[in-house]
Each structure stands twice: as C-alpha cells, then as structure tokens.
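First comes the structure, then the notes that go with it.
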Amino acid sequence: MKKSLSSLAGYGNQDLLPPTEFLANPEDTEDDCSGCADPCTEHKEFPSYLHIEKDFPILGTVKPYGRHILIATGLTDWPKYIDDEPNSLAQALSNVIHQNKSLPWKTLMTNASMTSRFSDQPGGSDILIYPDNILVSNVTHANMNDFYQLFVAAPLSQDQSRPDEDRLGQMKIEPSPYRNLMLLCSHRKRDKRCGVTAPMLAQEIDHVLREKDLSEEDVSVMMVSHIGGHKIAGNVICYINHGTRGIWYGRVKTCHCRSIVEETILKGKILKDLYRGAMDNSFENQKKRSILSW
C-alpha cells in the first residue's frame, strides 16, 4: 500500500530527473559496492535499529527553494526547531522573514557546523549563501534587517551589483572560500537517524578526500540542521558549479561516498538512484523539479 500511495502522489516520477547529460554513466559507478548481496566488509554498515525506509521512492522529495542560508554555529546538533532557539541568529532571521512580504521563491535556512572564522566584530557570525556563492561575515541581531534586505530578499541573479556600503555597515562580503560543499544532516535532536548516519558518512568522505589529496577549500564537508527526509537518511546536499547547482541525495550509505565525490563533486554528474531533487534553477530546461510545496 505504501508503494502505491507514493506512486499516486508522484514520487519517483522520472520526469523529475535532471537532463540526461547531467546523469552519471552507470558504468562509471560500477565499483560502488552498495549493491552487493552480502554486507560489505570494506565499509561500515548503519546500525539496523535505525529503521531507514528502503522502499519509498525518493525522487521528488525536495521542496522547491531558490536560496539557501547557512548560519555558522560551530555545532553539529541543535534544538529540535532552530528558529525557536532563544537569542539565536536562526530565530532572528526567521522573525525578519515572517515580518516581510513573501518572496517569489522559498528561502531554506539551516544551521551549520562551520565556525565564524571570518567575522571580527563582537557577536558577529559568518553566513554562507547559495546560489549567490558568497560568505557574509559580522552578521548580528542588530543588523539582521539589513542582512535580510541586502541578501535574502535580493533578486536571484548571477549578476548582482555589490550592496551599498552604507547599508553593509560592519558586514563584509567575499566569495565562498569553498569550491564545492557537501552538507550532511546531523540533526540528532530532530531525528536520531541523521545524528547517527552523518558522522559515519563524514568519516568515509574524509577518507576519500584525503586519498585524492583534496583540501577543505576544494571540498568542505559540514554538518547541518534539519533538511527533511529523516526516514531516508543519510541525507546529503552537494553545492557544485560555483554554488549554482544544489544536488540532494537520500539513502546515502558509506558505500556511496566515493562515487559521490568522484562523479558529483569532481565531474558534476548526478547519481540517479540517490537523487532526491535539486535547488531551483540548478539545471536549465528542466520542466519539472518537484511535486512538493511549502
């Protein structure tokens, strides 16, 4: 019954896949041992008690969004609802978003494990923004309204002019220091499955990156708060192509990490079997991206 209901809802509809030129050649991922009948001895298995849904179609399970805001916290877990945490930047930004008129696109806001190494003002925090592919430092509660107007409500365009210096105040803008970004949902207080799977995936990804001599600037791996899809953990978002392409994967296992790095990060190719969806405008000429709405 579950399969039939999901099918009726539209999950798994092949029209939701990106254009074929972006799909990885199955022969290029044949070394991926995740399809082995027996448990893989080379990679760690997720604990069986996690009860990860294995049959539900994951294609089409990303809600449409046009911009992603990543707030530096230096943590890997957060209160269940980050916008309810008192005195947090997530709460402050959420309040400003709700106080202003709705935008033509949805803004996704998450906390991230990165630290605010670029901010030099008391109480200032770093925030990464995609698809803009920029880092804004020295964001505080006091300048949150300006941050919203300058960066969250700004048009989705690759040719934005630099914001007025007077409006910026102490905030600073620079290109994202990361050529590619891999985000792993580790929000344990929201769902244990993500809290358990994310560290295991991070360890395997780190192994692959070290083997390929890829630095943090080449590929940064971060833990993030809730992005949806706990029952199909592990959940991974890859920002590639100068941050303009956001690829969502679900049911990622340690066996998949090498293929994700080699195909998606290094070649820009999509692993069809893991693909949940993508950030708006990630692919040109894609007629249908999601069946979900906010």
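Values quoted throughout were computed directly from the atomic coordinates according to the rules given, and no laboratory measurement underlies them. Keep in mind that this is a model prediction, so the values were computed, not measured. Ideal geometry is used to build each Cβ from the backbone, glycine not excepted, and the neighbour counts take in all protein chains shown.
Applying the criteria of a DSSP loop state and at most 14 other Cβ atoms within 10 Å to the trypsin sites (Lys or Arg not before Pro) of the range 112-216 yields 117, 212.
Spread over its residues, the convex hull of the C-alpha atoms of the range 67-175 is 102 Å³ per residue.
Mind telling me which of 86, 18, 175 comes out most flexible in a GNM of the chain, alpha-carbon contacts under 10 Å? It is 86.
Taking Cα centre as origin and charging only the Cβ of basic (Lys, Arg, +1) and acidic (Asp, Glu, -1) residues, the dipole magnitude of the chain rounds to 1140 debye. For the range 161-253, how big is the tail of P(r) above 21 Å, as a whole percent of Cα pairs? Here the long-distance tail beyond 21 Å is 42 percent of all Cα pairs in the range 161-253.
Annotation: the chain has a Kirkwood hydrodynamic radius of 19.7 angstrom, from the mean reciprocal C-alpha pair distance. Note on the range 67-175: dipole from Cβ charges, positive end direction compared against 123, 73, 91; the farthest Cα belongs to 91. Once you divide the Cα radius of gyration of the range 54-107 by 2.2 N^0.38 Å, the number left is 1.43. Measuring between alpha carbons in the structure, the pairs from 192/212; 54/212; 63/269; 44/192 lying more than 24 angstrom apart are 192/212; 54/212.
Would you work out the relative contact order for the chain, in percent, from Cα pairs under 8 angstrom that are 6 or more residues apart? With pairs under 8 Å counted, the relative contact order is 26 percent.
Restriction of the GluC sites (Glu not before Pro) in the range 155-262 to DSSP coil positions whose beta-carbon has at most 16 other beta-carbons within 10 angstrom yields 216, 217.
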